[in-house]
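The values are calculated or read from the model by the stated rules, or taken from the named source; none is laboratory data. Keep in mind that what you see is a predicted model, and the values were worked out from it rather than measured. Cβ placement follows ideal geometry from the backbone for every residue including glycine, while neighbour counts extend to all protein chains displayed. When the accessible area is computed, the model is the full protein with side chains, heavy atoms only, and any ligands, DNA or RNA have been set aside. Shrake-Rupley method; radii C 1.70, N 1.55, O 1.52, S 1.80 Å.
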Amino acid sequence: MSAPIRSEYRVVIVGAGVIGLYTAYHLARAGFGPVLVVDRGFLSSGASGRNGGGVRQQWETRATIRLARESVLAYRRFARDFGVNPWFRQSGYLFLAENETELERLRHVHEIVAGEGLPSEILDGSRVARLVPGITPTAAVGGTYLRTDGTLYPFPVVWGLYEAVRSMGVEVLLGAEALGVRSADGRLTGVATTRGTVATRTCVNAAGGWSRDFSERAGLTVANAPTRHEILATEPLKPFLDPMVVRARDGLYFSQTMRGEIVGGISPATRQPLTSAMASSPAFLARMASALVRVLPSLASVGVLRAWSGLYDDTPDGLPVLGEDPRLRGFVHANGFGGHGMMLAPSSTARVARMILGERVDLDPAEFGPRRFDLGQPRRFTEALQLG
Amino acid sequence: MTNGRKGRRRLPILQRSIRYHRPRAPFCGIGYCTNCLVRTDQRLNVRACREGFPTEGIRSTSHAWPSPRHDLWGLLDLLFPRGIDTLRGFRRPAWAAPVYQRIVRSLAGYDTPERVAPPPVPRPPRVCSTDVLVIGSGTSGTAAVDELRTRGVDSVVVLDRDRAANDGAMPGRTTAIFLPPPIPRAAYPFRVLASEGSDRAVLVSSRRVIVATGGYDASLLFPGNDRPGVMTADGAFSFERAGLEPFRRAIAFGGGDRALEVVEKFGDRLIAVVAPGEIGPDLARAASDWAIPLYPRSLILGAGGRSRLRSIQIRARSFGPKQTLHADALVLAHRRIPHAQLFFQAGARMVWRSRIGGYLPAVDARGATSVPGLYAIGSGAGAVGPDASRESGRTAARALIEGAEPGVDLTPPASTEPFYEMQGYYRELLAEHEGFAKWIACPCEDILLRELRRASEAGYEGIEVIKRYTGLGTGLCQGRYCVPDAVLLLSIWEGRPPTEVGSITQRPPLVPTTLGQLAELEVPLSTPEASG
Ligand SMILES: Cc1cc2nc3c(=O)[nH]c(=O)nc-3n(C[C@H](O)[C@H](O)[C@H](O)COP(=O)(O)OP(=O)(O)OC[C@H]3O[C@@H](n4cnc5c(N)ncnc54)[C@H](O)[C@@H]3O)c2cc1C
């Protein structure tokens, strides 16, 4: 078990998921260092290795649409920039509307998205049926479709980032847990890990589903709430389905990967207890299978190959928490990504890095700041689009 | 099927491998590997071996074209002798990305659901509660059931993947696919999901569970290990039972009891017994009855023959002379791996047993695992031979009746056991190969040994990461045939014991289970007890 090489770092990042590693990448690119990343698990053991790989730009606020757009550009370049191919495939996101009321809500989102200049479309039932061959006619009266949304393989993103940051001199310690922070006069002075304590004036909490836990270890109460979400993959099939298909009502989502598997999930019927954080449940298998077969009856004869689960780091308004915590200077949040950390990672971490560098960023603290939940009941920015 | 083997069907070539379209013949014979994947009118991805290799009613999947025997896509194997690197490749030029995606994607998958019409309507699920659930009705499971009955426990349900249960408590061919950790304090703390045949789900709630699922024969790494004609002992027995001719002249690989079974059954058709280590006295005696030459302490270096196995090259260990043996089959009987998945799923404490080179649940003398109410018997509890298996079944049954608490004196950590034989074997085998040409480390996904090696050299460590990095173990056999060997190799390359290389998470379902079947469980599973 190796210890950190130095006794002092400019930045210590807790969590080597896509958020922590991307933050490290942006810092290293700016020549800001030395940077240490610690993770108590193995690489990709968190949500970054357990997600559905969906990358969409259909959001309800202009700020999030812009973040997502920038991420799409980053993922388009990812294979060239990082030397590892995540097979980012822009084959669209299709939101299903089961009735006119839902279609109306989607139309509202469509207008915002289209207003940002994205080629969002409203589809009628027959065009939905063309995009999802074999769909039950009653499953959708229509929907919204954005063809430049897409899907990717999450693992290569993690490998590419890991290799890139290490080659730029970032130290990544795996199997090392951050136990807490050291501080003086409301200012962070160090981070305690299972491999010893290091001095630093900046610590990034990129601990994903455990970010609440780490904030608490730093003495900070936060609004983040980890929730368990399950997902399954079927036997590989010949390609027949291009877009990621989603339904807002129950959070059902599914797509067909490059390998041909149908991968997808659904919101749990009840809030999941955290005792079984990484476990699968029979109830999910049945609920997901039932929803999927109702939408696409031909899938009834397809075998489920495996199911697994991971944590969403949820916030009350469904948006991430980005920026320094005013209660403890030097303690920076990059968490609360819920089910959207892959699609928001490249752009939102670029802003976190810029904040650490002391630069101004185009994020409204009332929308993304750590203290926004203290300002009374937050607006639910993204209600219609909370998924699986 | 009268007078012997004349005119019997040879092993059919029913599949091509998923990436390189290499010809594959039935291998495991017990419904796990992908080599006999076919389609029926009703179902996708059916294993022909589970249906007894019918001559009618099955069709090849649309994966190979025009047929698995003569597949034009097989050119891929020739065009890419060093494999296709989907992780680092296909990155340039940028404008070509959508083209690459379309091509690579069009090669994915075995079949399309539209090809089977109409989708079968699953039968309603079978739901029941019982005092004791016994999974597996082999030697130890049957002994446990008999003991339970003798002592007046009548509420017993038995599941078995192959056999009809001994008393009809549950029809046969029911595979337990998911044993989640028990729900504390529930009247029936275990809720076991199973799959009956291919169109019905089973949900058994039980107070106690005895797992007696035995083991299966492992695969072996060598260049050409996926060539038609290489099969496990499980496979050889199963093909013979189905009335096929598994081979004409075969080599058995293994030096212990399983190889002995192969010799007893196929002695007249064996031309050699090759073993990674010493050859046991019983096996030696049986082989000499048939005048079969023995090659103890030998490495399998490679296979000859293009579309079917024609020869095997061996070499005595510690740099002895090389030899070529001519045969049309290699029967693997060197390593039997316990089905430990259900124990992993249930959250039982597991220990690496180097005697067998696999993980077993930690158990006390009565078979109790670290999970209250969950018992392991038979080879899954480390019992060797039928007598010990029967005894372990009876002991666990008695312990269960007496309401024994989970044991405290669970099996000691494995570090006290000797080094596992196959590790030394592989160390020697790998020492003389460079680059590994196209060794197939994971046959379901066509993952090459060189991909593993490269991942390891790039600093990725542990089987969990290597699995995610290479895709090894993510195919239809759920990692049964690739992970055990991969763990040994990583242990060698990483220079640490197999326990530190780890194990992969045993995800449900244990065998692919149709969405239709699972969907039928929605109502029975939405009761509060299920949300544990
Ligand atoms: C089932 C599922 C499906 C999803 N689908 C999508 C999708 O389609 N699209 C999308 O954009 N997003 C999706 N997400 C969300 C996305 O995966 C996450 O938002 C994203 O991966 C978060 O990345 P992260 O780096 O913050 O967290 P993680 O990847 O979880 O990384 C956090 C790391 O912190 C480490 N850690 C925690 N505490 C400590 C400590 N004290 N010390 C040291 N290390 C610590 C953990 O070991 C972990 O590796 C999905 C998530 C799940 C669970």
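Tally the residues that are in a helix (DSSP H, G or I), at pLDDT below 95 and among the hydrophobic types (A, V, I, L, M, F, W, C), restricting the search to the range A:338-367.
Kept after step one, since they are in a helix (DSSP H, G or I), are these residues of the range A:338-367: A:341-356, A:365-367.
Still in the running and at pLDDT below 95: A:365-367.
With among the hydrophobic types (A, V, I, L, M, F, W, C) added as a condition, the list becomes A:366.
Looking only at that region, the number is 1.
For the condition among the small types (Gly, Ala, Ser), over 18 Å from A:Glu230 (Cα atoms) and within 16 Å of the ligand (Cβ to nearest atom), what is the one hit in A:Ala300, A:Ala366, A:Ala269, A:Ala353? Spell out how you get there, then give the answer.
Values: A:Ala300 fails: within 16 Å of the ligand (Cβ to nearest atom); A:Ala366 fails: within 16 Å of the ligand (Cβ to nearest atom); A:Ala269 fails: over 18 Å from A:Glu230 (Cα atoms).
Unique residue meeting the criteria: A:Ala353.
Anything in the range A:304-321 that is assigned to a strand (DSSP E or B), open to solvent by less than 10 Å² (accessible area, probe 1.4 Å) and more than 14 Å from chain B (Cβ to nearest Cβ)? List them, or say none.
The answer is A:Asp313, A:Val321.
For the range B:87-98, enumerate the residues that are of a type in the set (A, V, I, L, M, F, W, C) and either at the interface with chain A (Cβ under 8 Å from one of its Cβ atoms) or open to solvent by less than 70 Å² (accessible area, probe 1.4 Å) (or both). Lay out the reasoning, then the answer.
Pass one, the range B:87-98, residues of a type in the set (A, V, I, L, M, F, W, C): B:87, B:90, B:94-97.
Across the range B:87-98, the qualifying residues are B:Leu87, B:Phe90, B:Ala94, B:Ala96, B:Ala97.
Of the conditions (1) assigned to a strand (DSSP E or B); (2) modelled with pLDDT of 95 or more; (3) open to solvent by 10 Å² or more (accessible area, probe 1.4 Å), A:Glu216 satisfies every one except a single condition; which number is it?
(1) is the only condition that A:Glu216 fails.
Scan the range A:198-211 residue by residue and report those that are open to solvent by 30 Å² or more (accessible area, probe 1.4 Å) and more than 10 Å from the ligand (Cβ to nearest atom).
A:Ala199, A:Arg201
Just a yes or no: is a residue in the range B:454-468 hydrophobic (A, V, I, L, M, F, W, C), outside any strand (DSSP E or B) and at pLDDT below 95?
Applying the first criterion (hydrophobic (A, V, I, L, M, F, W, C)) to the range B:454-468 yields B:455, B:458, B:463, B:465-466.
Right, trim to outside any strand (DSSP E or B) and you get B:455, B:458, B:463, B:465-466.
Now narrow it down to the ones that are at pLDDT below 95: B:458.
Yes, the range B:454-468 contains at least one residue that is hydrophobic (A, V, I, L, M, F, W, C), outside any strand (DSSP E or B) and at pLDDT below 95.
Collect the residues in the range A:149-166 that are away from the ligand (no atom under 15 Å from the Cβ) and not aliphatic (A, V, I, L, M), keeping them in residue-number order. So that I can check it myself, show each step before the final result.
Pass one, the range A:149-166, residues away from the ligand (no atom under 15 Å from the Cβ): A:163-164, A:166.
Residues satisfying the conditions are A:Glu163, A:Arg166.
Would you say A:Val55 is assigned by TED's automatic domain parsing to the domain that holds A:Asp213 and either out of contact with any Lys or Arg (no Cβ under 8 Å at 6 or more places or on another chain) or buried (at least 20 other Cβ atoms within 10 Å of the Cβ) (or both)? First the steps, then the outcome.
On the way: assigned by TED's automatic domain parsing to the domain that holds A:Asp213: yes; either out of contact with any Lys or Arg (no Cβ under 8 Å at 6 or more places or on another chain) or buried (at least 20 other Cβ atoms within 10 Å of the Cβ) (or both): yes.
Here the answer is yes, as A:Val55 does meet what is asked.
Only one of these conditions is not met by A:Leu292: (1) within 16 Å of the ligand (Cβ to nearest atom); (2) more than 21 Å from the chain's Cα centre (by Cα); (3) modelled with pLDDT under 95. Which number is it?
Failing condition for A:Leu292: (3).
Whether any residue in the range A:18-27 is at positive phi, touching a residue at least 24 places away in the same chain (Cβ under 8 Å), away from chain B (no Cβ under 13 Å) and crowded, with 24+ Cβ neighbours inside 10 Å is what I want to check.
Looking through the range A:18-27, none of the residues is at positive phi, touching a residue at least 24 places away in the same chain (Cβ under 8 Å), away from chain B (no Cβ under 13 Å) and crowded, with 24+ Cβ neighbours inside 10 Å.
Looking at the range A:200-238, which of the residues that are of a type outside the set (Val, Ile, Thr) and within 14 Å of chain B (Cβ to nearest Cβ) is farthest from the chain's Cα centre (by Cα)? Break it down into steps so the answer makes sense when it comes.
Going residue by residue through the range A:200-238, those that are of a type outside the set (Val, Ile, Thr) are A:201, A:203, A:205-220, A:223-226, A:228-230, A:232-233, A:235-238.
Still in the list and also within 14 Å of chain B (Cβ to nearest Cβ): A:228, A:230, A:232-233, A:235-238.
Numbers: A:Arg228: 14, A:Glu230: 14, A:Leu232: 17, A:Ala233: 19, A:Glu235: 25, A:Pro236: 25, A:Leu237: 26, A:Lys238: 28 Å.
Only one residue tops the list, namely A:Lys238.
Looking only at the range B:54-75, which residues are in a loop (DSSP other than H, G, I, E, B) and in contact with a Leu (Cβ under 7 Å, 6 or more places away or on another chain)?
First pass over the range B:54-75, keeping only residues in a loop (DSSP other than H, G, I, E, B): B:54-58, B:61-65, B:67-70.
Passing the criteria: B:Thr61, B:Trp65, B:Pro68.
Is it true that some residue in the range B:121-134 is surrounded by 14 or more Cβ atoms within 10 Å (Cβ to Cβ) and under 30 Å from B:Arg24 (Cα atoms)? Talk me through it step by step, then tell me what you get.
In the first step, residues of the range B:121-134 are kept if they are surrounded by 14 or more Cβ atoms within 10 Å (Cβ to Cβ); the result is B:122-123, B:125-134.
Still in the list and also under 30 Å from B:Arg24 (Cα atoms): none.
No, the range B:121-134 contains no residue that is surrounded by 14 or more Cβ atoms within 10 Å (Cβ to Cβ) and under 30 Å from B:Arg24 (Cα atoms).
Of everything in the range A:29-41, what is open to solvent by 20 Å² or more (accessible area, probe 1.4 Å) and more than 8 Å from the ligand (Cβ to nearest atom)? Give them in sequence order. Quick ask: steps written out before the conclusion?
Of all residues in the range A:29-41, those open to solvent by 20 Å² or more (accessible area, probe 1.4 Å) come to A:29-34, A:39-41.
The answer is A:Arg29, A:Ala30, A:Gly31, A:Phe32, A:Gly33, A:Pro34.
From the list A:Gly134, A:Gly117, A:Gly169, which one is away from the ligand (no atom under 16 Å from the Cβ), at positive phi, open to solvent by 10 Å² or more (accessible area, probe 1.4 Å) and in the same structural domain as A:Arg10 (by TED's automatic domain parsing)?
Details: A:Gly134 fails: in the same structural domain as A:Arg10 (by TED's automatic domain parsing); A:Gly117 fails: in the same structural domain as A:Arg10 (by TED's automatic domain parsing).
Answer to the selection: A:Gly169.
Matching residues to (1) within 14 Å of another protein chain (Cβ to nearest Cβ); (2) open to solvent by less than 20 Å² (accessible area, probe 1.4 Å); (3) out of contact with any Phe, Trp or Tyr (no Cβ under 9 Å at 6 or more places or on another chain):
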site	(1), (2), (3)
A:Phe240	yes, no, yes
A:Gly251	no, yes, yes
A:Gly260	yes, yes, no
A:Val263	yes, yes, no
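Given the options B:Gly83, B:Gly109, name the one that is assigned to a loop (DSSP other than H, G, I, E, B), surrounded by 12 or more Cβ atoms within 10 Å (Cβ to Cβ) and more than 7 Å from chain A (Cβ to nearest Cβ).
Details: B:Gly109 fails: more than 7 Å from chain A (Cβ to nearest Cβ).
Going through B:Gly83, B:Gly109 in turn, just one is assigned to a loop (DSSP other than H, G, I, E, B), surrounded by 12 or more Cβ atoms within 10 Å (Cβ to Cβ) and more than 7 Å from chain A (Cβ to nearest Cβ): B:Gly83.
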